[in-house]
Amino acid sequence: MTYAAITGWGACMPPAVLTNADLATFLDTSDDWIISRTGMKERRVSHVPAIELSTVAAARALACANLPADDVDLIIYGSCSYDEAVPNCASGVQLNLGATHAASMDVNTACTSFLYGLITATAMIRTGVVKNAVVIGVELITHYMDWSDRNVAVLFGDGAAAVVLQASEKESGVIGSIIGCNAEARPSLRVRGIGCGYAGRGITLGDTIWDFDGQVIFKRAVKAMSGASARVMQECGVTAGQIDLVVPHQANLRIIESVAKYAGIPMERVMLTVQKYGNMSAATVPVALVEALETGRVKPGSLLLMTGFGGGLTWASLLVRWGDRVTPLGATDRALPPCTKTALEMVNEIRAKQDPHGRSAAGLMSAEFTEKQPAG
Ligand code: ACO
């Protein structure tokens, strides 16, 4: 049987750090509130486009696998942040890498985009469509954040990471997965202003309004990730005691603690990055995975549980059997250009272009946001 082993990994974190104190300079919020409700202390703000972040992450993953870009069969760009929708972003990464023989596609399931991409690439390798793939999880949320809305502005950050998958006869890579989507809850998380639905909605391209019902998302996230994790473990005949490390989506420390509790896995066996990077949507799981490898928390043969949820509300839980190698085969000197501004300076520049009072709240509420909000 053919498997899709993870043979390369690499992250690319923008250097500019936005602290809770920075946020409190323009929002009615505090370090105490953000830490106690979310576990977050800081997050990153990118000074480059998402394709550039992705290119560096993918180049590092390819060097780690010692796979030349010219040999890549497939690139999947998992994200809900697009530098452009047409042409797709995966093709931009392909061009930058010089991966001339690759096919390229974008996958958008919001925060689960990397996990959905990982499952898609695994299936394509296992069925012989391609022999290898680069799967990217990237997000550039700070650029379409509504910085006047404290309900969401404190939660998100930018980042990218990528993995390389290669066909293998040895049992490794994704060995089980459960995915789904609670579409009835889709109004609980919506970013208006990216997409095509502008007419009559009181917003224009580039002005964003976030519909965000934190408590609904919170409850549904815990339920979906816990249920999917229990199912995937049951279907693979795995007990909680056999999971070496959980690599969860990092939306809120309290959500992660609840999911770990339901799964019966102690927090010592859960990888956390939420405190320093916030919620990077599709980038959270691969960035946490790369950091787990770099800090020695993944051993040869480790069994990993990856779980996430995102807008849609999509959800996914995967079991990953790690292979023999936990160290990179090579490295690249590919890196981001220097950042000359602070994170707060960049956010203030974005804020200066936004005009919260210019947007018609009445128009927004009476327009297309007609789907009924679900109860918890
Ligand atoms: N600073 C200070 N106060 C705030 C802030 C803020 N940034 N945001 C909200 N508050 C206030 C509220 O207005 C409310 O005040 P009130 O009681 O006077 O009305 C109070 O704090 C409590 O608000 P709650 O919504 O009850 O706070 P809660 O404990 O539910 O935490 C949170 C809110 C952090 C958003 C939580 O619900 C959550 O994490 N939900 C899930 C979020 C999530 O998963 N997002 C990702 C979605 S999918 C994806 O990743 C794209």
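Just so it is clear, none of the values below were taken in a lab; they were calculated from the coordinates. What you see is a predicted model; the values in this text were computed from it and never measured. We place every Cβ from the backbone using ideal geometry, glycine too, and count neighbours over all the protein chains shown.
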Quiz prompt | Simple label model, 7 Å out from Cα along Cβ direction - THR204 to GLU169, nm | solution = 6.2
Self-check item: Pairwise FRET efficiency - ASP324 versus ALA85, Cβ, R0 = 35 Å, nearest 0.05
Solution: 0.30
Quiz item: Looking at the chain, what % of the alpha carbon pairs are farther apart than 28 Å?
Solution: 41
Practice problem: Only helical DSSP H runs with n ≥ 4 go in: add -39500 (n - 2.57) per run for the chain, normalise by residue count and round the 222 nm mean residue ellipticity to 500 deg cm²/dmol. | Solution: -9500 deg cm²/dmol
Quiz item: Roughly what would the spin-label model give for ASP28 and ARG186, points 7 Å off Cα along C-beta, in nm?
Solution: 3.4
Quiz item: Among the lysines, which have Cα under 17 Å from the Cα of LYS276 when same-chain residues fewer than 8 positions away are ignored?
Solution: LYS41
Quiz item: Taking springs between alpha-carbon atoms closer than 10 angstrom, which of MET267, MET13, MET225 fluctuates most in the Gaussian network model of the chain?
Solution: MET267
Self-check item: Rounded FRET efficiency, nearest 0.05, which uses the C-beta distance separating LYS261 from CYS196 and R0 of 30 Å
Solution: 0.15
Exercise. Return the distance in nm (one decimal) between the two label points of a simple spin-label model at ASP333 and SER36, each offset 7 Å from Cα along Cα→Cβ.
Key: 5.0
Practice problem: Any chance you could run the full-extension gain for ASP149 through LYS131? It's 0.36 nm times the residue separation minus the Cα-Cα distance, nm to one decimal. | Solution: 2.0 nm
Quiz item: Charges only on Cβ, +1 for Lys and Arg, -1 for Asp and Glu: so what's the dipole of the chain about the Cα centre, in debye to the nearest 20?
Solution: 760
Quiz item: Where the centre of each part is set by its Cα atoms, how far does the stretch 101-169 sit from the stretch 225-239, in angstrom?
Solution: 23
Quiz prompt | Relative contact order of the stretch 3-371, defined on C-alpha pairs under 8 angstrom at six or more residues apart (%) | solution = 25
